[in-house]
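Undergrad: Take this structure first; my questions come after.
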Amino acid sequence: MSVPSPGIVVVGSINADLVVTLERHPRPGETVLGRTLTVLPGGKGANQAVAAALLGADVTMVGAVGDDAYAETALSGLHAAGADLRAVRRADGSTGVAIVEVSDDGENTIVVLSGANTEVTPDVVAASADAIRDAAVVVVQGELSAPATAAAVRAAAGRVIVNLAPVMELDREALLRADPLVVNEHEGELVLAQFGGAKRPDHEAVVTALLASGFASVVMTLGGEGALMSDGGPVRHVPAPRVTAVDTTGAGDAFVGALAARLVAADALEDAVRFAVRVGSYAVQYPGAQPSYPTPADELPEVLTDDHEEASR
Ligand code: RIB
């Protein structure tokens, strides 16, 4: 039997983000003038892998890019972070592209054209089965196909973080391997609905109902309000530092990458969530989905607004 390595394997999307800044988002049917256009590395999987690697983890990325001009940009952050890219395929055709609009208040809208990410089939995942099986932590999200994502979960022998963003219909047995399931408040309600759960009155009740559905642990991100978490005990609220958001793109990915980095370092889930909340708050203060986190990671709290208090509700 193989022994899990101390590393993280992220099986997920890799995109080039075409980021348009604008004063405010247009309403349907409306035209507004943008301010700037920048092409940056993105993709939820890549963003998570970059965050984990920059925070000190040993990260392998499983995914695909195309053979177009966007491929190098899409991979640039992963390269710079030192992620192992030997399991990233070069497919014919387009790299995944996301059209990201960021308004002056830091809020974004995103349209993703999956491109080469659709080339990550269960067979492609199977080609990396050894690395996935040997990883201490495997991270998946919702931007690859459900069969490919389920194949990654099934190949894992270590801890699996399922960030179901965006929400998709994932094989029930694979989904319940999540430990933790990481969702935002909207995604949490959608996942609960997949289990036949009725609408709940508040976020804490959604987390409780997800646990009752069979998840070993659940983390619900709440943006500037921090996160809720439970691994079977009472639902805990982890508040976020108060910061001014410049760009919220990828903040959830930074959170997941940081969570993986701490879980692979054997933190308890609550400690990992506390750290991840701070990293997510750090990320929104900088443009782009792959900001340059300070290294070593223990310098991070000095960069953050330090009003992180103990709390529960
Ligand atoms: O979560 C943010 C990411 O979503 C962007 O980087 C974009 O590529 C989309 O995948």
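Undergrad: Would you check the accessible area of GLU185, probe 1.4 Å, heavy atoms only, in square angstrom rounded to 10?
TA: Using a 1.4 Å probe on the heavy atoms, I get roughly 50 Å².
Undergrad: List, in order, the whole-Hz ³J(HN,Hα) value for each residue of segment 17-23 obtained from phi through the Karplus relation with A = 6.51, B = -1.76, C = 1.60 and θ = phi - 60°; use x for Gly and Pro.
TA: With the stated coefficients, segment 17-23 comes to 9, 8, 9, 9, 9, 8, 5 Hz.
Undergrad: Another question, if that's okay. Quick one: ranking GLU225, GLU189, GLU143 by accessible area, 1.4 Å probe, largest first, what do you get?
TA: Sorted descending by solvent-accessible area, the residues read GLU225, GLU189, GLU143.
Undergrad: Could you tell me which of rounded, prolate or oblate describes the chain, using a ≥ b ≥ c as the square roots of the eigenvalues of the alpha-carbon gyration tensor, with rounded for a/c under 1.5 and, failing that, prolate when a/b is larger than b/c and oblate otherwise?
TA: Judged from the Cα gyration tensor, the chain comes out rounded (a/c under 1.5).
Undergrad: Shifting gears a bit: If you take every DSSP beta bridge whose two residues both sit in the chain, what share of them, in percent to the nearest 5, is antiparallel?
TA: 40
Undergrad: Further, regarding this structure: What FRET efficiency, computed as 1/(1 + (r/R0)^6) with R0 = 22 Å and r the Cβ-Cβ distance, is obtained for GLU185 and VAL111, rounded to the nearest 0.05?
TA: That pair, GLU185 with VAL111, gives E of 0.55.
Undergrad: Which residues does a label at ALA212 reach in segment 148-167, if reach means a backbone N under 17 Å from a point 7 Å past the Cα toward the Cβ?
TA: Of the residues in segment 148-167, none has backbone N under 17 Å from the label point off ALA212.
Undergrad: Between ALA126 and ALA80, what is 0.36 nm times their sequence separation minus the Cα-Cα distance? Round to one decimal in nm.
TA: 13.9 nm
Undergrad: Just how large is the dipole of segment 98-244 about the Cα centre, in debye to the nearest 20, putting +1 at every Lys and Arg Cβ and -1 at every Asp and Glu Cβ?
TA: On the way: 9 positive and 20 negative charges, 107 e Å.
It works out to roughly 520 debye.
Undergrad: Of the options PHE255, PRO28, ALA155, report the single residue whose Cα projects farthest towards the positive end of the charge dipole of the chain (beta-carbon charges: Lys, Arg +1; Asp, Glu -1).
TA: The residue sitting most towards the positive pole is ALA155.
Undergrad: Sort THR73, THR249 by accessible area with a 1.4 Å probe, largest first.
TA: THR73, THR249
Undergrad: Picking from VAL273, VAL206, VAL65, which is most flexible by a Gaussian network model of the chain using Cα springs under 10 Å?
TA: Between VAL273, VAL206, VAL65, it is VAL206 that shows the largest mean-square fluctuation.
Undergrad: 7 Å from Cα along Cα→Cβ at both GLU72 and ASP92: what's the point-to-point distance in nm?
TA: 2.3
Undergrad: May I pose another question? Please give, to one decimal in nm, the separation of the simple spin-label points placed at ASP171 and LYS199, each 7 Å out from Cα toward the Cβ.
TA: Spacing of the two 7 Å Cα→Cβ label points: 3.3 nm.
Undergrad: With +1 on each Lys and Arg Cβ and -1 on each Asp and Glu Cβ, and nothing else charged, work out how big the dipole of the chain is about its Cα centre, in Debye to the nearest 20. Provide the component values of the computation, followed by the final result.
TA: Values: 20 positive and 41 negative charges, 109 e Å.
Dipole of the chain, to the nearest 20 debye: 520 debye.
Undergrad: Apply the a/c threshold of 1.5 to the C-alpha gyration tensor of segment 1-124 and tell me whether it is rounded, prolate or oblate.
TA: The shape class here is prolate.
Undergrad: Pop the C-beta distance of GLU23 and TYR286 into the FRET formula with R0 = 22 Å and round what comes out to the nearest 0.05. Mind dumping the intermediate values first?
TA: Values: r = 20 Å, r/R0 = 0.90.
That pair, GLU23 with TYR286, gives E of 0.65.
Undergrad: Here's another thing I want to ask about it. With Cβ to Cβ distances under 13 Å as the rule, what net charge do the other residues near GLY288 carry (K, R +1; D, E -1)?
TA: Residues near GLY288 contribute -3 overall.
Undergrad: Here's something else I'd like to know. As a test of reading the structure, rank MET168, MET220 by solvent-accessible area (1.4 Å probe, protein chains only), most first.
TA: Listed by decreasing accessible area, they come as MET168, MET220.
Undergrad: Follow-up. At a threshold of 8 angstrom on Cα-Cα distance, excluding pairs fewer than six apart, so keeping six or more, what relative contact order does the chain reach in percent?
TA: Computed over the chain, the figure is 18 percent.
Undergrad: Turning to a different aspect of this structure: Scan segment 170-215 for trypsin sites (Lys or Arg not before Pro) in coil per DSSP, keeping those whose Cβ has at most 13 other Cβ atoms within 10 Å, and list them by number.
TA: Listed in order of number, the matching sites are LYS199.
Undergrad: What does the helix-only formula give at 222 nm for the chain: each DSSP H stretch with n ≥ 4 adding -39500 (n - 2.57), the total divided by the residues, and the result rounded to the nearest 500 deg cm²/dmol?
TA: Values: 11 runs with 101 residues, N = 313.
Roughly -9000 deg cm²/dmol at 222 nm, from the helical runs in the chain.
Undergrad: If I take every Cα pair under 8 Å that is 6 or more residues apart in segment 43-113, average their sequence separation and divide by the length, what percent do I get for the relative contact order?
TA: Relative contact order here is 31 percent.
Undergrad: Moving to a separate point now. Ignoring ligands, DNA and RNA, what accessible area per residue does the chain give at 1.4 Å, in Å²?
TA: Here the residues of the chain average 42 Å² of exposed surface.
The values are calculated or read from the model by the stated rules, or taken from the named source; none is laboratory data. In this text, all values refer to a predicted model and were calculated from it rather than measured experimentally. Note: ideal-geometry Cβ built from the backbone for every residue, glycine included; neighbour counts use all protein chains shown. Surface areas here come from the heavy atoms of the whole protein model, side chains and all, with no ligands, DNA or RNA. Shrake-Rupley method; radii C 1.70, N 1.55, O 1.52, S 1.80 Å.
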